[in-house]
Each structure stands twice: as C-alpha cells, then as structure tokens.
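The structure under discussion appears below in the form of structure tokens.
The values are calculated or read from the model by the stated rules, or taken from the named source; none is laboratory data. The shown structure was predicted, so the numbers you read here are calculated from the model rather than taken from an experiment. With ideal geometry, Cβ positions are generated from the backbone for all residues, glycine too; neighbour counts draw on all protein chains shown. Just so you know, the surface numbers come from the protein's heavy atoms only, side chains and all, with ligands and any DNA or RNA stripped out. Shrake-Rupley method; radii C 1.70, N 1.55, O 1.52, S 1.80 Å.
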Amino acid sequence: MSISADRPPAHSFGVSRAPRTPFKARAAKAILRPTVNRVPVRLRFADGRAWGAGGPDAPEMRVVRPKAFFARLGADTKIGFGEAYMAGDWTTGNGTDLADLLEPFAARMATIVPVPLQKFRVFVDKRLPHHQRNSVKGSRQNIEAHYDLSNDLFAQFLDPSMTYSSAWFESADQDLEAAQLRKIDAILDDAHVTAGTRVLEIGSGWGALAIRAAQRGAAVTTITLSSEQAALAQERFAEAGVEVDLQLVDYREVTGEYDAIVSVEMIEAVGEEYWPTYFATIDKLLAPGGHVAIQAITMAHHRYLATRNSYGWIQKYIFPGGLIPSLEAIDQSLDAHTSLAVTHRRSLGQDYARTLHQWRDTFNANWDAIRTQGFDETFRRMWEFYLAYCEAGFRTGYLDVFQLSIARPAEG
C-alpha cells in the first residue's frame, strides 16, 4: 500500500512556510551563537561566517536559510530545529554525516542551555496534547499514525525479519538479520519460553518474535493495534508454517493466563499515566512461577524527570503519545502496582546505534523505491533526521535500551 488514508501526505506537515517571529528569532540567534561556541562543530553560513568551537575537520552544519532557521528556533525551540531540517533551512556540509553532527549536541543535552536560562524552560516546554493521551482509543490512533504508514515503507529499510527494534550484535561482521534473531532469542530465553509455554506478546510488530516462539513449540498469543502490521504478520505466520493467535486488541483488553509475557519496545508507547495499568495487567495475566521479559528504551532518571511533561519533535512527527522511561521509573511502578520486580538487566545501547545507522543507510539507498509510494522530500528529511537523531542519542548514552527480566520474587 501507499500512504495511509488516515495520515496526511508529507507535504502537508506545515513546514514549508517559516513562522513570522522576528523578536523570538533574534533571541534564538543571540542564544545559539554562544551555545554553539562551546560545542565542537562548525555552523557555516552562506556569506562565509562560521560559528562553533570545532576546527576545519569538525562536523559541519550549513545554514541555508538563516532567517527561516532562526524563526523556527525562536517560535518553538524544542521542535523548530528538526522542522528546519525537514524544510531544508539547514543541512550538513563538507561531507558530514548527520548523526556525527548531532552527536556533540546529544552528548551535551543536559547542559547545552546555559544554567541561567534553564529556569525559563517552563515557558518553552509544551505539554503533550490531550488527543495524544494513551487511552484505549488514543493508543490505537497513536499506533496507527506511525505503524500504519505503509508495510512497504518499513520493508525498504528493515532486515528480512522485519524487526523494528534494537538488534544485539555478536561480532563486528554479524549481519543485521542474524543480530535481530539473536536479540529475539535472548528475550525468549529470559522469559523461559520452551515447548508448551503459553506466551503472550504485547506488541506484535510484523511477527518475527511470535514466529520464533512458535518454532520453539510454544502456544503463542500476540496482540497489536496496527491493522497493517497484523495483515502482514498473518501472511508471515502462514509462510513460516506456524500457528499463532493474533488479536487486534489493546493490552488492557487481554484475558487469560500465561507462563511467559514478552514485549519489545512497546512500553515507550504506553505513557506514564498508564504505566501502573500496563504493569498491573502483566501481573494479573502472569501464571504462578511465570516470567516476563521486556525490551525498553530508557534515559537517565534526572532527564526523564526533566522531560516527562514536555512535547518534542519526536512526539509531534514520529511517535505521538510516546514517552521514554528511566530504569528507576520502571522499578518504582513495578514496586507500587505489582508483585513483580526486575531480576536481570542487559544493555544494548551501542547495538541500537549500530542498528539505526544501518536502517538509515538502507533507507537512503532505497529512497527512489520509497518515493514511488507517495512520500515526498519533506518526509525523507523527516525520517533521516529521526533515525540520525536517535542514533546520536544512543551513541552518547543519552539514551539506552535494556532487556529486562521480570518475575515475582521467591518467597522466604
């Protein structure tokens, strides 16, 4: 299929015209210059001027339309930078890779704004729009906005397993598909999935984990809110010759009892408001002696606390309703609302940086095929920024991703 009928085409994202905010634009310019002069990058303007602490070989950002660029930054500091890239107001220069340019900023995310100005954050941050709350109805809309874009789109940059989460590489030369299957096997091992295990997967993706679990002889139930993913997953189950019970339901609507519950990078779409319900549901559905394994993107607790109520570029354009937790927030929610606890953690942060880099390379290499599906240049730059932005976050450790083993502590 091409673009979902429920999502506007890329050219209607509204970034073609820069806002008119002359005062805010001047303020943004006045703040950005001393800020960039502490970062090892080069901002180069068309008239030859250059800002930044980087030397001639430093990552280079080329400001193509300064007036529009500063207007966007001034109008919405957190969202304007990415929108300016989408619109082509700035790009990379001198052969710089986009993630290489974003990495020094990601490494200084907590301190890049001067301390005296951080007290004004309350005036910059926007709260998550009400329509993006992850209620049962809102969750379906949020999931559809991203995952129902086009199965063909995702097939153009994912590996053949169609796995859209961090891989776990065993070696420098291991290919992405093998690393993805290694990651899936680790999750299934952590959840003690063997022949006869009753497995619930929260978040089907395109079926790779469910297939792997069924091939072990498990009785697999997998749930999703994406009709596009569900349709392709059913085809993949048939091709693999496995029986899987796939249900188009919300996790809050699941009934039954399961020996193993697994969920890969789905908690980020739950929302802080619903974490107690999410974990309490898992606790309720887990059979005595059962095991849970989830894979969760995380950030440091102090950054989570600082950003938990703010609305950013990723939420506006990529994952509506999304919120990344901290390990501490997960532990606190489990302790307060369940009888469960984390028993083991495995970090895959640098593996995610490598995964994202490969996705971006493949996305760019296959852009001609993607474009024929109806996606335009604004969409291309949006996804390139998204993938590079996330890669930089994992490279620097601003973001991490963990495989978490969860169980009920043994009594006595």
inquiry  = Looking at the structure I just gave you, is Q234 in contact with a strand residue (DSSP E or B) (Cβ under 8 Å, 6 or more places away or on another chain) and under 25 Å from G196 (Cα atoms)?
reply    = yes
Selection count where residues are surrounded by fewer than 20 Cβ atoms within 10 Å (Cβ to Cβ) and outside any loop (DSSP other than H, G, I, E, B), scope region 156-183 = 5
message = more than 30 Å from D89 (Cα to Cα), in contact with a Gly (Cβ under 7 Å, 6 or more places away or on another chain) and surrounded by 16 or more Cβ atoms within 10 Å (Cβ to Cβ): is that true of V401 in this structure?
response = yes
task = Sort through R62, R42, R33, R72 and tell me the only one that's open to solvent by 50 Å² or more (accessible area, probe 1.4 Å), in contact with an Asp or Glu (Cβ under 6 Å, 6 or more places away or on another chain) and either closer than 22 Å to I314 by Cβ or of a type outside the set (S, T, Y) (or both).
result = R42
inquiry  = Within region 343-377, take every residue that is of a type in the set (D, E, K, R) and more than 30 Å from E328 (Cβ to Cβ) and give me the one that is surrounded by the most Cβ atoms within 10 Å (Cβ to Cβ).
reply    = R360
ask   = more than 22 Å from M299 (Cβ to Cβ) and at pLDDT 75 or above, is that true of A53?
value = yes
inquiry  = I'm told R308 meets every condition in (1) open to solvent by 10 Å² or more (accessible area, probe 1.4 Å); (2) within 22 Å of L176 (Cβ to Cβ); (3) basic (K, R) except one. Can you identify the failing condition by its number?
reply    = (2)
ask   = among the charged types (D, E, K, R) and touching a Phe, Trp or Tyr at 6+ places or on another chain (Cβ under 9 Å) - does that describe any residue in region 327-334?
value = yes
note = Looking across region 120-175 at residues that are basic (K, R) and over 29 Å from F237 (Cα atoms), the single one that is modelled with the highest pLDDT is R133
key: Verdict on T338 being under 30 Å from G88 (Cα atoms) and either over 15 Å from the mean Cα position of the chain (by Cα) or of a type in the set (S, T, N, Q) (or both)   = no
ask   = Which of the residues spanning region 206-244 are more than 23 Å from the chain's Cα centre (by Cα), under 24 Å from L149 (Cα atoms) and among the charged types (D, E, K, R)?
value = E235, R236, E239
message = For region 37-72, give me each residue that is in a strand (DSSP E or B), more than 29 Å from the chain's Cα centre (by Cα) and not small (G, A, S).
response = R44, F45, W51
query = Do we find a residue being within 19 Å of the chain's Cα centre (by Cα), of a type outside the set (A, V, I, L, M) and over 19 Å from A179 (Cβ atoms) anywhere in region 359-369?
reply = yes
query = helices (runs of 4 or more DSSP H) wholly in region 323-412 with at least 1 residues that are under 24 Å from I79 (Cβ atoms), of a type outside the set (V, I, T) and in contact with a Leu (Cβ under 8 Å, 6 or more places away or on another chain) - which ones?
reply = 349-365, 377-396
